[in-house]
Every structure is written in C-alpha cells, then in structure tokens.
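Scroll down for the structure; my scribbles are underneath it.
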C-alpha cells in the first residue's frame, strides 16, 4: 500500500526477463490478497503494460501474467470489467493457444474468474472465441488443465440459455460426459457442475445432456467418497428431472431415485439439499411418479431430514418435497401420514409462529405442505393428534376431512368418540355460518343427540 | 138476453181461450219434441265426433308413450355400453391400476438392483483404496529394509530381528534377506536431481515461482576437484542444470489434436502437388544461366569416381610460392624427442 505498486511498475518493463516475471508474480500475489490492492493495480494502469508484450514472452511470464489477471478479476465485476477493457481477452486467447499446459491452465483459470460474475462478462469471454479452445483444453491429458477448463465452462454456461447453447455447439457435452468416469474427485466435481449448469436452462439442453449417455455412470458418482462429487451429481439429476414429466420418468426408470435416496441417507448437511429437491420435483410431476418415489422408500429419509437438520432452508425443502409427494390423492397422503411426519410439520409451523419477527421459509413451506396433504388425507389415526394442537386455520381442514369421512364409516365414528375427538370438536368455537361450523354440524349429525351433549 | 149473450160470450171466450191454450200447448209439445229430437241428434253427433277424436288422440298418446319407452330402453342400453367402455378405457389407458402396480414393482426391483450395483461399486472402490494403502506400506517397508540392510544377521552374530529366543525369525529379517543393499549416494543425488526437475515441470498451480537455479543439488563433499583452467563453478553448474527449453516443434506432443490436425493437410499437400518445381523461370532460362552439370556417376576422367571430386593429396606445383618444402628452423629439443619413444616407467606420464 505504501507505493509498492508504483515501485513495481517500472520493473515490469525491465530488460531481464526474470525480473519482469518476478514482478508480475509479486503483483499477482498482492492483488490476490486484497480488493483494495487489486483496485490499485488496476488504477495504476499496470494491466496494459502487462499484456502488451505478452505474445513474445516465454511461458513463465505468460503464466504469471495470467495469474495476475485472475487475481485482479476475482474480486468484483467492476475489476473484471476493467480487465476486459484493457484488451486482456485477446491475450488470454493467445495464451490458450499456447502449447504449454501450465500456460493454458492459467489462461483458462483467469477466463473462468472473469466469466463468473455476470452475463455480460461471460458474453465477452465467449465473443473472444474462448469456448472452442476450452473444449480443446478439456481433451488434453493433464488433469489440472481439464479441471480448470471444466470449471470455466461451467461458469460460462451458468448465466443464460444462449451461453449454454454456445458451449453445447462446441461439442462440449460429449467430452464432459466422457470424463465422468475419471477417478479424480475434483475433476468429477467440475465436470458434473458444468453439465448441471448446461442442463438447467431448458428442456432441449437437458435432453441433449441425457442423450450423451450419462445415466448409469452418474449414479456411480453418487457413491463417491467425496461429498461435493455427490452433491454435484445429485444437482445434475435434479436439473434434468425438473423440466418435464418424461425426463423425470426417465430418471425414475433408470433407478435414479433409489440412488438419490441412498445419497440423502449417507450425507449430512447442505449436501442433502439437491437430493431433497430432486425428490420433490420428481414427485410433483405426476401421481404415478410420486407413487414411484414412495415405493422406492423415499419418505423415511425426508422425515429424518425434517427432524434432524437445523438449517432453515433444508427443512423448508424437506417440507416442500413431502407436500409434493402427498398432495395427489388420498393414497399418497396416507403414505405420508403413516410416516408420522404431520406432527413434526405442525411443530415447525407453530414454532415459527410464536416468534413472529422471523418469517422463516421452513414455516411457510410447512404450512403449505400441511394444507395440501390435509386436503387429501383420509387416514384418521394420523389426524387425531393434530386435532388437539392445531391453530384455527389448519383446524378447519382437519375438521373438514373428519366431516367427509365420518358419515360413512361407523368404526371410525366409534374410534372418534372413544379417543376424545368428539369432545374436542365440541370445544371448538366457530362463527355460525362459517365453513368450520358446517363441518362441525356434519360431524354432530352423525351421532345421536345424547352423545353430542 | 144480455145476460144470455154475456154468458154465451163468456163461454165463447172461455172456450176460445181454452182452444188457444190447448193448441198452444200442443204446438209447444210438438216444438219441444222437435227440439228434443234435435238435441238428441246433436248429442249423438257430438258423441260420435268426440269419441272419434279421443280415440285418435289415444292412439297418438299410445304411440308416443311406446316411443318414449323405446327411447328410454335404448338410452339405458347405450348408457350400459358407454359405462362399460369408459370403465375399460380408463382402466386400461388413463389409470391402469395393474400396469401401475407392475410398474411400481418393476421400479422397486430395478431400484434394488441399482442399489446393489452401487453398493458393489462402493465396496470395490474401498477395496481399491485399501489395496493402494497396503501397497504403499509394502513399498515403504521394502525401502526401509533396503536401507537397513546392515541389520541382517550373520552366521556368528544374530541380527536384531533374529533373536535366538524366537522360534523363527521376524518377518523383517526375511525382508532383509530378500532385499538388495541400497547405495546411499546415488540415491541421494538421483533424488536431488529429480526434485529439481520435478519442481520445474510440475505446474498444477501458479503459486510457486519457477525455482530458477537457486535450488541446486549439493555436490558430494569428497568429490575430487578436477584440474585445469576453470570457469566459475556456479556458472558451470548453471549451464549444466539449465532446464530444457524445447523448441516449439518438440514441445508440442505429436498426438495432441492440433498437431494431428496440422499433420493431415501437410500430408495431403505433400501428396497432391501438381507442380514439383514451383516458380519455374522462363523456358530459355536454363540455356543462358544454368550450366549443365554432368552427373557425378559419369563424370571424371576414368569413369566412376568416388564422391567428392577434390583429391586432397593432389599436388599443384603451379600454385607453389617457393620451391622448397617446409623445413625446421630451430634445432629440436632432445628431451622432447624422447617423448613417448622410450619404454621405461620414468618416461611415463603421470
């Protein structure tokens, strides 16, 4: 900060190459540590000097120059914009065409950091013609280079469908799919994340990814020992399954649901989140698929997640997924209710209602899920415990369900009385003429007068 | 008389009135009978007409009732057919319960299969990892054994691992017996050199600078210093351990896609050219500017001559400056004359 950058600046134009190179390295490390230093580096106009002589330099210099660009552009979009405006992209393309794998790695890492921030920067990177070169980089034998190229492609394609389409047009999918069975864990992470960023934008892209025959191989990734490989693999499956019922059907037919469920079982924490969302999306598509999820023993892990996890968004996702499973027909709602998960959801909802300041996502989703399940649930033993604790808006649905089932089923009526449900119903005060009152009247009409009093 | 005439007049009046009454009564009866007759006729006609109308109407109502009955019957039958068809259709195509059941069973079977496969895969990976660890340990042990070869037991002195109180020697002893002794020096130098080379060529991240020649391997201490006029050793070492900077042609691997892509059109170009001598000069060029070179095979005075027409042993007296040959100007040194010609050991060069 004490004028270091200004001191280093003239050294960049020194005659001896090793001095230039060490200066560049120093600048890169300075910019790497701190945002302000990076801004100073940019303001001091070092970047044009760094890049102007790049084509003639040797590979160590190119590597360190790429390192400096990367260090500067990683902090914020404005810095990355400044880097792009200096004309760094053409130089990075020259570096990408170089023969040394280290230089290519540095260049693609810098491109990845630039493209990460927003859509315009990614578009600029693509316009400079980076994508075919990156696809060539992926095919190189060095693993580090493959990793970085895959992560750069993932950063480029995550912003918009057009960018993803550009990446697909360069035949990236085939090469990425070939690298999934590779034993290196970090490479697998990047490849899976790249494929999931491509697949998430539209149905056609997802279908293209599926056609690259990823499917049985991706399931083996779900058994990998590295947590993030599992997470990215499940994210890929989620992005594929969420578009249409046919794609979800495909995933189910290939046994994807079982693998995802096992994955949820074996992990803890945020790694579970994409798996839960996958189950939710698959179940939401149609009732057959929801039944398939139930048959593959999907409900117990979701209940466990709901109870055990402390993070708000994971609980919200689990509640949402259970709601999607249970909302189709009475049969589905029965399976959900049998798993004894409704009291837990009610607890979550009640917990957050008491502390009104936090409008937690978990409570919102729990309430919606409860409502949708209760509207179809005819399994009375599960509804009974809820009668005693529920707040009025939930109670209305519960009583509604009772009033639908009790007139027809005599055994249920007897049970209702013996478990004290009828007494509870009498205690409820409702405005006359409201829906709740009608339900209560229907229930009361099922029983002879003496019992009601 | 008046009274008789009045009585007769009154009689006549009474009889007149009676006659009138009787006649009116009779005429009235006749008219009444006639009206009755008319009435009866009218009733008869109306009776017949109304009967006819009602019978016609009745026939119509019967027909419509019959028609409606038929329609109802057909409706019912149609409903029955539609009921059966719709039940069949829904059960077969829209919500096929048994197909769904079969599908779910198939899914659970498939899931079980996938789970077992994945389980196997996970186990296989674990085994592989364990094998790798074991192999690493083995390698370590073997290396240690090679290093500690001196701990092997001799016939006189039992080694550490071959205690006389044990029934059979320790496995380490057996390893020691099997292993070839390790020479330290070569190993160290080789390691040192390979470290330098490794550092310079291993570029996973750009965090480490190229270790230029600051980390040179240490030379062994008792190395004999070679004799003679020498350059600065640092310079020499720098030159000797300078890293390889291959030309671009060499650095690019022959199997990489750009090289292969370049090779194909090159080969095609080599194969396809139309002209072998491009940029031929004008047709009479060779007559004026180029001299005809006879081929080597046929040139030469005596036919085939060896390649290279210059004969170094030829003598060209015309080119001589002086007539005489080289001659020595100084007397030779006797001692140096004996150099290399005597056979005694004193003359030998040390």
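Per-residue shielding of B:101-111, expressed as the average number of other chain Cβ atoms within 10 Å of the residue Cβ, stands at 5. Applying D = kT/(6 pi eta Rh) to the protein assembly as shown, where Rh is the Kirkwood radius over alpha-carbon pairs, T corresponds to 10 °C and eta to 1.306 mPa s, the Stokes-Einstein value obtained is 41 µm²/s. For the peptides B:325-334, A:14-23, B:150-159, residues were scored by their other Cβ atoms within 10 Å and the scores averaged per peptide; the highest-first order is A:14-23, B:150-159, B:325-334. On the basis of the beta-carbon distance and an R0 of 35 Å, residue B:76 and residue A:286 show a calculated FRET efficiency of 0.45. The share of Cα pairs per 5 Å bin across the stretch A:380-452, counted from zero up to the longest distance, runs 3, 17, 33, 29, 14, 4 percent.
Counting only Cα atoms, the size of the stretch A:281-397 along its three principal axes is 40, 29, 21 Å, in decreasing order. For the residues of A:214-223, the average number of beta carbons from a partner chain within 10 Å of their own beta carbon is 3.
Quick check: the angle from helix A:312-326's long axis to the longest principal axis of chain A, C-alpha only, nearest 10 degrees? For A:312-326 against chain A, the angle is about 50 degrees. Per-residue Cβ neighbour counts within 10 Å put B:131, A:91, B:172 in the sequence B:131, B:172, A:91, beginning with the fewest. When you restrict to C-alpha pairs under 8 Å that are six or more residues apart and normalise by the size of the stretch B:96-181, the relative contact order lands at 23 percent. Computed over the alpha-carbon atoms, the stretch B:1-95 gives an Rg to Rh ratio of 1.85, Rh here being the Kirkwood radius from the mean inverse distance. Taken over the Cα atoms of the stretch A:147-296, the convex hull encloses 92 Å³ per residue.
Each peptide in B:99-109, A:270-280, A:161-171 gets a packing score, the mean of other Cβ atoms within 10 Å over its residues, and the list from highest to lowest is A:270-280, A:161-171, B:99-109. A viscosity of 1.002 mPa s and a temperature of 20 °C, combined with the Kirkwood radius over C-alpha pairs in the Stokes-Einstein formula, give the stretch B:96-181 a diffusion coefficient of 123 µm²/s. Note on chain A: Cα convex hull, mean projected area over all directions, 26.1 nm². By other beta-carbon atoms within 10 Å, ranking B:295, A:108 with the fewest at the front produces B:295, A:108. Counting Cβ atoms of other protein chains within 10 Å of each residue's Cβ and taking the mean over peptide A:71-83 gives 0.
Spherically averaged projected area of the convex hull of Cα atoms, the stretch A:222-353: 7.3 nm². Ordered by the count of other Cβ atoms within 10 Å of each Cβ, fewest first, A:268, A:29, A:189 give A:268, A:29, A:189. Over the stretch A:86-184, one equal point on each Cα, no solvent: what is log10 I(q)/I(0) by the Debye formula at q = 0.13, 0.18 Å⁻¹? Debye output, listed in q order: -0.38, -0.74.
Every number here is computed from the coordinates shown, using simple stated rules; none is lab data. Every value quoted in this text rests on a predicted model; they were computed, and no experiment measured them. Glycine also receives a Cβ, built like all others from the backbone with ideal geometry; neighbour counts cover every protein chain displayed.
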